[in-house]
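Every number here is computed from the coordinates shown, using simple stated rules; none is lab data. Treat the numbers as computed from the prediction; the structure is a model and nothing was measured. Don't worry about glycine lacking a Cβ; one is built from the backbone with ideal geometry, like all the others, and counts go over all protein chains shown.
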There are 2 protein chains.
Amino acid sequence: MDGQAPNLWTVEQVVKHLGITPRTLRYYEELGLITPAARTPGGHRLYDEATVAEVAHILRLKDTLGFPLREIQQLLAAERQLQALRESYHRQEAHPEARRRVLMQFRDVLVDVMGRIDEKMAALTALRERYAEKLARVDQRLRGDGGEQP
Amino acid sequence: MDGQAPNLWTVEQVVKHLGITPRTLRYYEELGLITPAARTPGGHRLYDEATVAEVAHILRLKDTLGFPLREIQQLLAAERQLQALRESYHRQEAHPEARRRVLMQFRDVLVDVMGRIDEKMAALTALRERYAEKLARVDQRLRGDGGEQP
DNA sequence: TCCAAACCTAACGTTGACGTCAACTTTCTG
DNA sequence: CAGAAAGTTGACGTCAACGTTAGGTTTGGA
């Protein structure tokens, strides 16, 4: 039922969209971060939108948070566990205790990540201020270029 | 004149203060990022407060901005150039044109760095929001733990 | 004075995140 | 239906940022 083709992406489309190389895609797969949604009869990888979005997310975590890929793997694992929980819930297979346990675990992961984000933001704010001050001084000296104290 | 000892730090003091290893300190020196203020008669490195602060700054740039050390080197070079300008200014050796040129160059560096900081902050804000939403949903499900829609 | 702890230089090793090449196979396009 | 372009697996190469080991020298405290 629902024979709708789920709109699959080729390797080339994904890497051009995200500005990466095929090697990166395969490396992430090798580490278990992603799994191509399908293969062509000949073995070429095909990705669905969700996986493309996940790769974009991985890149953000890596580049802006500086997380190593192994940690990102833990994070994604937790998110997937929650997703699995959501689905088991749909099928009414959720033992309330187990359900609660998974939710608490995921909560811990979330709190940890958000704490690290906040740390980064604080450090970035301090850095920004430092450079903003320097910039203000430089601009002042460039403007009133007479002979003030340095 | 002014024979005040400038309060020097040993390698051990620096690394314990900053949570790094001696190897890191030597590596940064190898790259030209820092220079120990002095050596003991026997050759042991000694650092002044300014250098310790610079190492702390390097670590922040590396960890929170994710800058590679070679780029940090450029940044520090620019800052030092400005410092040199400040000193030459004191000694009235500043050709106004050269002075202006250095100031403009440093300004460009500053604007570039601040732009990158702002990019990171924007990305971090988006990430934070994403996880905050997830956290809110999890908390809601943990609280009203009855049988709502997932 | 003696000795453990700290430090030195020089060199090779490791880890993460890919890059690159070889030798094919599949897929798209004219 | 040919040939170029894209993709496959497998393996080795690379680069940054240190870690580690070897073989000595210096230093500070009992």
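In the stretch A:32-83, what is the volume of the convex hull around the alpha carbon atoms, normalised per residue and reported in Å³?
84
Please provide three numbers in whole Å: the alpha-carbon extents of the stretch B:87-128 along the principal axes, with the largest listed first.
Per principal axis, max minus min of the Cα coordinates gives 50, 16, 7 Å.
For the protein assembly as shown, state what percent of all Cα-Cα pairs lands in each successive 10 Å bin, counting from 0 Å until the bin that includes the largest distance.
Per 10 Å bin, starting at zero, the Cα-Cα P(r) for the protein assembly as shown comes out as 5, 19, 22, 22, 15, 10, 5, 2, 0, 0 percent.
Once fully extended, how much extra length lies between A:His90 and A:Glu133, figured as 0.36 nm per residue of separation less the alpha-carbon to alpha-carbon distance?
Gain on extension, A:His90 to A:Glu133, equals 10.0 nm.
Determine the shielding of peptide A:57-63 by partner chains: average, over its residues, the number of Cβ atoms on other chains within 10 angstrom of each Cβ.
Numbers: counts 2, 0, 0, 5, 2, 1, 4.
For peptide A:57-63, the averaged partner shielding equals 2.
Report, largest value first, the span of the C-alpha coordinates of the stretch B:26-115 along each principal axis, in whole Å.
45, 34, 19
Against the 2.2 N^0.38 Å scaling, with N counting residues, where does the stretch B:7-66 land? I'd like the Cα-based Rg ratio to two decimal places.
Numbers: Rg = 11.1 Å, N = 60, 2.2 N^0.38 = 10.4 Å.
Expressed relative to 2.2 N^0.38 Å, the Cα Rg reads 1.07.
Give the nm distances, rounded to one decimal, from A:Thr40 to the matching residue in every other copy, measuring between label points 7 Å along Cα toward the beta carbon; shortest first.
Label-point distances to the other copies, shortest first: 6.8 nm.
Taking only Cα atoms and a 10 Å spring cutoff, compute GNM fluctuations for chain A and point out the largest among A:Leu59, A:Leu110, A:Leu124.
Most flexible of the set in this elastic network: A:Leu124.
When the helix-only estimate is applied to the protein assembly as shown (DSSP H runs of n ≥ 4, each -39,500 (n - 2.57), divided by the residue count), what is the mean residue ellipticity at 222 nm, nearest 500 deg cm²/dmol?
Values: 10 runs with 208 residues, N = 300.
Mean residue ellipticity at 222 nm (helix-derived): -24000 deg cm²/dmol.
For the stretch B:7-66, calculate the relative contact order in percent as a whole number, restricting contacts to Cα pairs under 8 Å that are 6 or more residues apart.
36
If you project the alpha carbons of chain A onto their three principal axes, what span does each projection cover, largest first, in Å?
80, 45, 27
What is the residue of chain B with the smallest Cβ distance to the axis taking B onto A, and what is that distance in whole Å?
Residue and rounded Å distance to the axis: B:Gly66, 2.
Taking a point 7 Å out from Cα toward Cβ as the label site, list the nm distances between B:Gln13 and the same residue in every other copy, smallest first.
6.3
Taking the stretch A:62-135 as the region of interest, what is the percent of Cα-Cα pairs per 10 angstrom bin, listed from the shortest bin to the one with the maximum distance?
17, 34, 23, 16, 7, 3, 0
State, as an integer percentage, the relative contact order of chain A based on alpha-carbon contacts under 8 Å between residues 6 or more apart. Don't skip to the end; give the middle numbers.
Details: 74 pairs, mean separation 22.9, N = 150.
Relative contact order of chain A: 15 percent.
Put the label 7 Å from Cα along Cα→Cβ for B:His95; what are its distances to the other copies, in nanometres, shortest first?
Result for B:His95, in nm, nearest copy first: 8.2.
Say we join alpha carbon atoms closer than 10 Å with springs in a Gaussian network model of chain A; which of A:Val55, A:Val138, A:Val11 then has the biggest fluctuation?
A:Val138
Given a 10 angstrom Cα cut-off, can you work out which residue in A:Pro96, A:Pro22, A:Pro36 is the most mobile in a GNM of chain A?
Comparing A:Pro96, A:Pro22, A:Pro36 in a Gaussian network model of chain A, the most mobile one is A:Pro96.
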